[in-house]
Ligand code: NAD
């Protein structure tokens, strides 16, 4: 199989690659070079309708296909992802700007892992029964929801796209999916892979287009029964406003403003190395990145000095260069947003300790969108810089004196996705873990992911949980059957 990104991407509907009914296309730009390198369908309502019809046609058979058959075909997709890791990683990097080594080491392996994990999961999925002694027995049926919608963002394109699609398919649903219009290439390649793997026509339909047109049409479609969305809190609100009155099942994985809480008794070297990663990996464009670093006062100055020195060494440049630790940010729009957030931090009185500016690329990357790792101090917990998600290579430092103060600062945010706690005191770690308002807490580590665990956020970070049984439960409808004995 020769997998490569063509000059014009196509939708994947009813098992076929198809041009959008709108006849319209959009430019797809490589953020590291500034060059437009392919055209993306700018699909609309009509394409969504065709995709829903294809999904409905496939549903009666797919929804009763044995778990073993679904396991087999999903594993075949995973194998093809693994066999084409180089082409997929290159496509991801050209679309997103992230270093190629990162796409190869993290994004693409995780995409195949998602398929394997849920393929295996469905083989072990079971339901409860409730016995009423000698009177009756209740058992729970979990049946596919039907046609479901999956909408994903640009920061971990194939990784998050498959994180939704795999459990939906494993549970027996047919899917209408839309990747981010900013990073559509690997989703397109996935459609080619699904055809090769023999996924029955219409079981998965992938349509490309903007959130406002294509995404909104998926959300508003009355025969799409559930929406699994990952993206910004702003879009999440719009989606909830449309989907809730239609009583759709809704899973919303939204933004974050995650605290890293660092106590003086932490394992210093491990904390330093990991905090550098949790701040700047993927140019800070991971929803789980820690963007508010809270440091105990007694080690604040030492931390600041060493953190700056380490961050200064992160080379920013061509994502295809193995030595680049930081690539480009994803798009011109996002680049402008991140730089404007840095300007706001300055206006608010923040001191830029490192970075705070764009980085001029060289050679083929002369027009690339690079931003220096940026560290800011001197801002209070309730200023915009510490309240609003920036989603770039920008972190702030704040100090605290006591555990209570650390907790107050950590919980000052309207978001509650993830937090990292660094201490060698196990009792304190557990105390803090219970009180920090976040769906995911890492103690003395970061981004250590077990796919069985519940994944999602508190407050403005979303509603519902993904991962493990949570995802399979979301993508099934529950029915209690009571049998009198
Ligand atoms: P976004 O909300 O702009 O777009 C996400 C997806 O939704 C895209 O496919 C987009 O086309 C679509 N979309 C936008 N508006 C829509 C609407 N009204 N109706 C239907 N679809 C719509 O987000 P983004 O800029 O692509 O991604 C960055 C955001 O995603 C950040 O806020 C980040 O924190 C968040 N994120 C969250 C998680 C998580 O697990 N909680 C993971 C990754 C990213």
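Throughout, read-outs are computed from the coordinates displayed, never taken from laboratory work. This is a predicted model, so every value here is computed, not measured. So basically every Cβ, Gly included, is an ideal-geometry build from the backbone, and we count neighbours across all protein chains shown.
Values as computed for the structure displayed
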{"read-out": "Nearest-0.05 FRET efficiency for residue 2 and residue 120, computed from C-beta distance (R0 51 Å)", "value": "0.95"}
{"read-out": "For segment 168-285, average projected area of the Cα convex hull in nm²", "value": "10.4"}
{"read-out": "Calculated diffusion of segment 106-193, Stokes-Einstein form, Kirkwood radius summed over Cα pairs, 10 °C and 1.306 mPa s, µm²/s", "value": "108"}
{"read-out": "Folded to 0 to 90 degrees: helix 297-312 orientation relative to the chain principal axis, Cα", "value": "70"}
{"read-out": "Percentage relative contact order, the chain, counting C-alpha pairs under 8 Å, at least six apart", "value": "19"}
{"read-out": "Relative contact order %, segment 259-451, counting alpha carbon pairs below 8 Å whose residues are six or more apart", "value": "28"}
{"read-out": "Rg to Rh, two decimals, where segment 159-207 supplies the alpha carbon set and Rh follows Kirkwood", "value": "0.93"}
{"read-out": "Centre separation in Å (Cα based) which lies between segment 51-129 and segment 186-216", "value": "12"}
{"read-out": "Estimated FRET transfer efficiency when R0 is 56 angstrom, pair residue 332-residue 445 (beta carbons, to 0.05)", "value": "0.95"}
{"read-out": "Order of 47, 450, 42, 86 - criterion: other Cβ atoms within 10 Å of each residue's Cβ, fewest first", "value": "450, 86, 42, 47"}
{"read-out": "Burial order of peptide ranges 94-103, 363-372 (average beta-carbon count within 10 Å, highest first)", "value": "94-103, 363-372"}
{"read-out": "Distance histogram for segment 219-369 (every C-alpha pair counted, 10 angstrom bins, percent rounded to whole numbers)", "value": "9, 29, 29, 20, 11, 1"}
{"read-out": "Helix-only CD estimate at 222 nm, as mean residue ellipticity for the chain, using -39500 (n - 2.57) per DSSP H run (n ≥ 4)", "value": "-11500 deg cm²/dmol"}
{"read-out": "FRET efficiency estimate (nearest 0.05) - Cβ-Cβ, residue 238 to residue 53, R0 22 angstrom", "value": "0.30"}
{"read-out": "Dimensionless Rg/Rh of segment 1-129 - Kirkwood Rh, Rg from C-alpha atoms", "value": "1.03"}
{"read-out": "Gyration tensor (alpha-carbon) shape descriptor, the chain, a/c threshold 1.5", "value": "oblate"}
{"read-out": "Ranking of 385, 65, 362 by count of other Cβ atoms within 10 Å, fewest first", "value": "362, 65, 385"}
{"read-out": "Protection proxy ranking, peptides 422-434, 110-122, average beta carbon neighbours within 10 Å, highest first", "value": "110-122, 422-434"}
{"read-out": "With Cα atoms, 0 to 90° folded angle of helix 157-170 axis to the chain main axis", "value": "30"}
{"read-out": "Segment residue 24-residue 273, length gained on full extension (0.36 nm per residue, minus Cα span)", "value": "85.0 nm"}
{"read-out": "Tilt relative to the chain, helix 85-96 - C-alpha long axis, 0 to 90 degrees, to 10", "value": "60"}
{"read-out": "Gyration tensor (alpha-carbon) shape descriptor, segment 80-140, a/c threshold 1.5", "value": "prolate"}
{"read-out": "Volume of the Cα convex hull of segment 348-481, divided per residue and given in Å³", "value": "187"}
{"read-out": "Tensor-based shape of segment 259-451 (alpha-carbon gyration tensor, a/c under 1.5 rounded, otherwise prolate or oblate)", "value": "prolate"}
{"read-out": "Difference of contour (0.36 nm per residue) and Cα-Cα distance, residue 265 to residue 130", "value": "43.8 nm"}
{"read-out": "Which of 64, 338 has the fewest Cβ neighbours within 10 Å, and the rest in rising order", "value": "64, 338"}
{"read-out": "Spacing of the two label points (7 Å from each Cα toward its C-beta) at residue 424 and residue 246, in nm", "value": "5.6"}
{"read-out": "Whole-number percent relative contact order across segment 234-290, with pairs defined as alpha carbons under 8 Å at least 6 apart", "value": "32"}
{"read-out": "DSSP-defined antiparallel bridges as percent of all bridges, the chain, nearest 5", "value": "45"}
